[in-house]
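The values are calculated or read from the model by the stated rules, or taken from the named source; none is laboratory data. All of these numbers come straight from a predicted model, not from anything done at the bench. Here the Cβ positions follow ideal geometry from the backbone for every residue, glycine too, while neighbour counts run over all protein chains shown.
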Amino acid sequence: MRFRGLDLNLLAVFDGLMQSRSVSATARQMNLSQPAMSAALARLRDYFGDPLLVSHGKRMYPTAFAESLVPQVRASLSGIEALLATSAPFDPATSRRSFRLVTSDYLVAAVIAPMQERLAHEAPGIHLKLSYPDEITGQQLDEGKVDLAINPREFLSQGHPAELLFEERHVVVGWRDNPLLAGDMDEAAFLAAGHVSVAIGARSNPSFADRQMALLGKVRRIEVEAASFATVPWLLVNTQRISVMHERLARCAAEIFPIRIAPLPFAFPVMEEHVQFHHTRAKDEGLIWLKSKLREASSIQAGDGS
């Protein structure tokens with residue numbers, strides 16, 4: 001398809017080249033041959049009258065003009081995606097749409113997996129592509145490469161709408177034969193115990209629970225730092241360690257692992273999980289439907305439904 005003489009497929013090529021700054025890497029990502037990608041770059045250069053990417057040594061660098069085009073091209077691609085997503089009524093029973101979600105493994109286990117069991121009958125053609133939050137999640141949301149991102153309120157990206165999905169309490173979890181959980185645990189015993197904590201992403205960012213502990217001035221003895229919420233139960237069984245865990249995840253884990261759940265021995269803030277999306281997708285019928293299914297599943301997991 002052409003618009004004012006430009007093949008619109010070249011906009012996606014341009015975006016890929018600006019991200020990878022490599023003809024061969026972009027060709028692999030877009031399932032094209034390297035000669036075809038080189039030809040596409042030549043067509044872009046001819047249309048805009050600018051080199052766009054300049055080789056220096058073994059690397060390629062964008063020109064100032066190419067850099068100025070990046071936000072406009074990405075906004076155009078996001079607008080096209082939004083148009084395609086909302087151009088026809090959404091019917092979950094017949095749709096074969098793919099949704100891209102960024103969320104933690106805690107939510108995958110506690111909310112999305114149970115939701116998928118129901119969607120297997122209600123929306124058999126729907127495909128979910130899940131990935132974990134990291135340092136580029138905000139950029140992916142800006143570029144329209146993510147349909148929904150689910151994060152605590154404190155971790156939301158700026159500049160895009162966010163809606164409260166549900167509230168989550170935190171609890172103490174440990175092996176069922178851990179004597180610390182046999183009776184009422186006081187704060188001193190809680191702080192003195194060995195703990196399993198979770199650090200998120202390549203930069204080992206603290207979780208909501210760890211951030212709140214620091215804000216409350218609660219200093220724990222961390223024995224193990226895990227990279228995943230779902231691995232925590234494995235690190236508790238047959239040990240004297242405890243962990244602060246999302247209540248929904250703790251309930252799911254207790255169905256599989258020999259663990260016990262107890263309340264925290266002090267007041268602890270409720271976590272607000274929000275779902276966030278690109279502002280161009282606010283009226284996307286498919287996303288509105290998926291958000292309703294996520295709310296329904298989280299309500300059921302909290303014991304508010306059946």
Return the total of residues in region 263-292 being aromatic (Phe, Trp, Tyr), touching a helix residue (DSSP H, G or I) at 6+ places or on another chain (Cβ under 9 Å) and not in a loop (DSSP other than H, G, I, E, B).
0
Kindly indicate whether any position in region 65-86 is in a loop (DSSP other than H, G, I, E, B), among the acidic types (Asp, Glu) and either free of Cβ contacts under 8 Å to residues at least 12 places away in the same chain or surrounded by fewer than 17 Cβ atoms within 10 Å (Cβ to Cβ) (or both).
no
For region 205-220, pairs from a residue that is closer than 16 Å to residue 247 by Cβ to a residue that is small (Gly, Ala, Ser) and in a strand (DSSP E or B), with Cβ under 9 Å and 6 or more apart or across chains, are 207/197; 207/199; 209/197; 209/243
Residue check: is residue 159 on the phi > 0 side of the Ramachandran plot and within 23 Å of the chain's Cα centre (by Cα)?
yes
Evaluate the following for residue 257: is it surrounded by 15 or more Cβ atoms within 10 Å (Cβ to Cβ), among the hydrophobic types (A, V, I, L, M, F, W, C) and assigned to a loop (DSSP other than H, G, I, E, B)?
yes
Being loosely packed, with under 14 Cβ neighbours inside 10 Å, under 18 Å from residue 139 (Cβ atoms) and modelled with pLDDT under 90: is that true of residue 19 here?
no
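Residue-by-condition table, conditions (1) closer than 17 Å to residue 290 by Cα; (2) surrounded by fewer than 17 Cβ atoms within 10 Å (Cβ to Cβ):
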| residue | (1), (2) |
| --- | --- |
| 117 | yes, yes |
| 126 | yes, no |
| 134 | no, yes |
| 148 | yes, no |
Note on region 260-291: residues over 17 Å from residue 169 (Cβ atoms), more than 17 Å from the chain's Cα centre (by Cα) and β-branched (Val, Ile, Thr) are 280, 288
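Matching residues to (1) aliphatic (A, V, I, L, M); (2) at positive phi; (3) over 25 Å from the mean Cα position of the chain (by Cα):
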site	(1), (2), (3)
222	yes, no, yes
225	no, no, no
253	yes, no, no
258	no, no, yes
Quick one: would you say residue 294 is more than 20 Å from the chain's Cα centre (by Cα) and either buried (at least 17 other Cβ atoms within 10 Å of the Cβ) or modelled with pLDDT of 95 or more (or both)?
no
Please go through region 29-56 and give me each residue that is exposed (fewer than 15 other Cβ atoms within 10 Å of the Cβ) and under 28 Å from the mean Cα position of the chain (by Cα), ordered by number.
29, 31
If residue 217 passes every condition in (1) in contact with a Leu (Cβ under 7 Å, 6 or more places away or on another chain); (2) closer than 25 Å to residue 192 by Cα but one, which one does it miss?
(1)
Consider region 266-284. How many of its residues are acidic (Asp, Glu) and either exposed (fewer than 14 other Cβ atoms within 10 Å of the Cβ) or at pLDDT 90 or above (or both)?
2
Just one of (1) surrounded by fewer than 20 Cβ atoms within 10 Å (Cβ to Cβ); (2) assigned to a helix (DSSP H, G or I); (3) in contact (Cβ under 8 Å) with a residue 12 or more places away in the chain trips up residue 248, so point out which.
(1)
Would region 156-174 turn up any residue that is under 23 Å from residue 300 (Cβ atoms) and hydroxyl-bearing (Ser, Thr, Tyr)?
no
Filter region 183-215 down to residues that are part of a loop (DSSP other than H, G, I, E, B), surrounded by 12 or more Cβ atoms within 10 Å (Cβ to Cβ) and at pLDDT below 90, then give me how many there are.
1
Go through region 37-90 and give me each residue that's touching a Lys or Arg at 6+ places or on another chain (Cβ under 8 Å), modelled with pLDDT of 85 or more and over 19 Å from residue 9 (Cβ atoms).
51, 60, 61, 62, 90
